[in-house]
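The values are calculated or read from the model by the stated rules, or taken from the named source; none is laboratory data. Keep in mind the model is a prediction, meaning the values are calculated, not measured. Note that we place each Cβ from the backbone using ideal geometry, even for glycine, and neighbour counts take in every protein chain shown. In case anyone asks, the SASA skips ligands and DNA or RNA and just uses the protein heavy atoms, side chains included. Shrake-Rupley method; radii C 1.70, N 1.55, O 1.52, S 1.80 Å.
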Amino acid sequence: MKMPKMILFDYGQTLIAEEKFDGVKGTEAVLRYAVKNKYHLSAEQVYARANEINQEFGRFDPERRHLFQIEIPNTMFTPYLYESQGIEIGLSNAEIDTVFWDAAAPGRPTEGIKEFLEYLKSIGIRTGVISNICYAPSAVAKRINRLLPENAFEFIITSSNYIFRKPNKRIFDLALEKAQLQPDEVWYIGDQYECDVKGSLNAGLFPVWYIGTVDLPDTMEEGRSVDENILTVTDWDALRQRMER
C-alpha cells in the first residue's frame, strides 16, 4: 500500500447512507405532479408495473447485479413507465428522479465521511466519485453536493451517464482518463465486494472495502471473505489513522 494521488468513492452506503428503499412512497410523491392519470392508477399499481418491467430486465437483483454491467437510466425507464400507463407528469425526467429518490430513499452522510474528506483535502489528495446508479447525473450531483457541501470532488461519474456499470473495467478507465493518472496512483473505496472491490482491483486500482454500513455476517454467508490483499475498514477515522501511519 502506498499513499494515493487520488481517491475515488462509491456513492451509496459509502459516501451516503440511504434509508431502506420504499418505491411506493417514491411513486406517491411523483404522482402528486401528475397532470393526467387516464386510468386513475394508484402508486401501488404503478410501482407494481415498475417491478414487473425490472424483473424482465433482471435489474436490481442483489444476487446478480454485478453481472448487469450496462445501465438502463431512468431518463429512458421513467417515460415508458408512466406514459405506457396513461400518466403524464408535469416534471422533467431529472426532476422526477429527484422527487422519487428523496421520498423513496432519503440519505445522510456516513459517519465521519465529512471529516475524512476534509483530511484528504488538507493533505492534497484529490477525490472523485464513480457510482452505479440509474438516477439522472444532475440529480446525483445535486444530492451529493447538498449532503456534502464542502466536497472537492473533481468529477462524479454515474453509470446513468456513461453506460457502463462497475465492475466493468471501462468505467474505471474513464475515471483514470479524466484524472490523468495511472491505476497504481489511485484508490477506490466502496461497500460492494463484487462491484467495488473486485471491479477496482481488476482495473489496477488499490481497493478499500468500506464495511461501515455492511452487514458483514450476511456477506460472509454469501461466500465472500475479507481478502488479505485488500484493505478492509469499518470507519473513516480508522482509515485516516492507517494513512497517517
request  = Collect the residues in region 59-89 that are under 18 Å from the mean Cα position of the chain (by Cα) and either in a loop (DSSP other than H, G, I, E, B) or among the charged types (D, E, K, R) (or both), keeping them in residue-number order.
outcome  = 59, 60, 61, 62, 63, 64, 65, 68, 69, 71, 72, 73
inquiry  = Just to check your reading of the model, which residue among 68, 77 is modelled with pLDDT under 95, closer than 16 Å to residue 54 by Cα and out of contact with any helix residue (DSSP H, G or I) (no Cβ under 7 Å at 6 or more places or on another chain)?
reply    = 68
query = Taking region 106-125, which residues are surrounded by 19 or more Cβ atoms within 10 Å (Cβ to Cβ) and outside any helix (DSSP H, G or I)?
reply = 107, 110
key: Residue in region 78-105 that is nearest to residue 5 (Cα to Cα), counting only those that are open to solvent by 10 Å² or more (accessible area, probe 1.4 Å) and among the acidic types (Asp, Glu)   = 102
inquiry  = So, residue 163, is that one at positive phi, of a type in the set (A, V, I, L, M) and in contact (Cβ under 8 Å) with a residue 40 or more places away in the chain or not?
reply    = yes
ask   = Restricting attention to region 34-83, which residues are more than 21 Å from residue 160 (Cα to Cα), in contact (Cβ under 8 Å) with a residue 24 or more places away in the chain and small (Gly, Ala, Ser)?
value = 34
Subset of region 1-37 [open to solvent by less than 50 Å² (accessible area, probe 1.4 Å) and in a helix (DSSP H, G or I)] = 23, 24, 26, 27, 29, 30, 31
key: Yes/no for residue 167 being in a loop (DSSP other than H, G, I, E, B) and within 30 Å of residue 76 (Cβ to Cβ)   = yes
query = Mind checking which residues of region 54-72 are surrounded by 11 or more Cβ atoms within 10 Å (Cβ to Cβ) and among the acidic types (Asp, Glu)?
reply = 61, 71
Filter pass, residue 181 being of a type outside the set (Val, Ile, Thr), more than 22 Å from residue 109 (Cβ to Cβ) and buried (at least 23 other Cβ atoms within 10 Å of the Cβ) = no
